[in-house]
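Peer 1: Before we start, here is the structure in question, set down as structure tokens.
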Amino acid sequence: MQSLKTAYRPGSSWLMNRATVGRIRKFAATTGEPLWQPSVQVGQPSTLLGYPVAEDDNVADIATNSFPIAFGDFRRGYMIVDRVGIRVLRDPYTAKPFVKFYTTKRVGGGVQNFEAIKLLKISA
């Protein structure tokens with residue numbers, strides 16, 4: 001968390017999968033106070049060290065040389081590209097007497113600002 005520049009911390013959040021969340025929920029400070037704070041309001045995320053936590057099952061599990069936890073301002077660090085329009089292809093030949101329609105839409109994304117997102121690497 002501290003490796004992220006101060007300018008990106010106000011909008012930051014944690015990102016990890018369900019199994020990692022299950023393990024992190026058990027962590028406590030030396031005073032016995034839990035680091036994980038469950039949400040008390042509907043629609044509000046739980047927090048870890050005061051920052052919201054989002055779950056995504058596509059994030060790696062905790063293992064040697066893996067990156068199971070991300071922290072940062074994802075709105076400033078990641079860009080989703082959505083190309084305008086949907087392409088429709090009409091196919092009257094494949095399933096006679098029916099007409100099939102194939103639709104495609106181009107969507108992509110990637111990291112645009114590497115300073116806004118940090119990953120935690122697990123080592124042996």
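The values are calculated or read from the model by the stated rules, or taken from the named source; none is laboratory data. Just so we're clear, the structure is a prediction, and the values are computed from it rather than from any experiment. Backbone-built Cβ (ideal geometry, glycine too); neighbour counts: all protein chains shown.
Peer 1: What about Ile122, is it touching a helix residue (DSSP H, G or I) at 6+ places or on another chain (Cβ under 7 Å), outside any strand (DSSP E or B) and surrounded by 11 or more Cβ atoms within 10 Å (Cβ to Cβ)? Working first, answer last.
Peer 2: On the way: touching a helix residue (DSSP H, G or I) at 6+ places or on another chain (Cβ under 7 Å): no; outside any strand (DSSP E or B): yes; surrounded by 11 or more Cβ atoms within 10 Å (Cβ to Cβ): yes.
So Ile122 does not fit the description; no.
Peer 1: So, Ser39, is that one surrounded by 15 or more Cβ atoms within 10 Å (Cβ to Cβ), over 15 Å from Lys121 (Cβ atoms) and of a type in the set (Gly, Ala, Ser) or not?
Peer 2: no
Peer 1: Given Gly85, Gly50, Gly22, which one is more than 19 Å from the chain's Cα centre (by Cα) and without any contact (Cβ under 8 Å) to a residue 24 or more places away in the chain?
Peer 2: Matching residue, one of Gly85, Gly50, Gly22: Gly85.
Peer 1: Also, quick follow-up: Any idea which of Val81, Val88, Val59, Val40 is over 19 Å from Pro10 (Cβ atoms), part of a loop (DSSP other than H, G, I, E, B) and modelled with pLDDT of 90 or more?
Peer 2: Val59
Peer 1: Can you give me the number of residues within the range 83-119 that are of a type in the set (A, V, I, L, M), closer than 30 Å to Thr20 by Cα and surrounded by 10 or more Cβ atoms within 10 Å (Cβ to Cβ)?
Peer 2: The number of residues fulfilling the criteria is 4.
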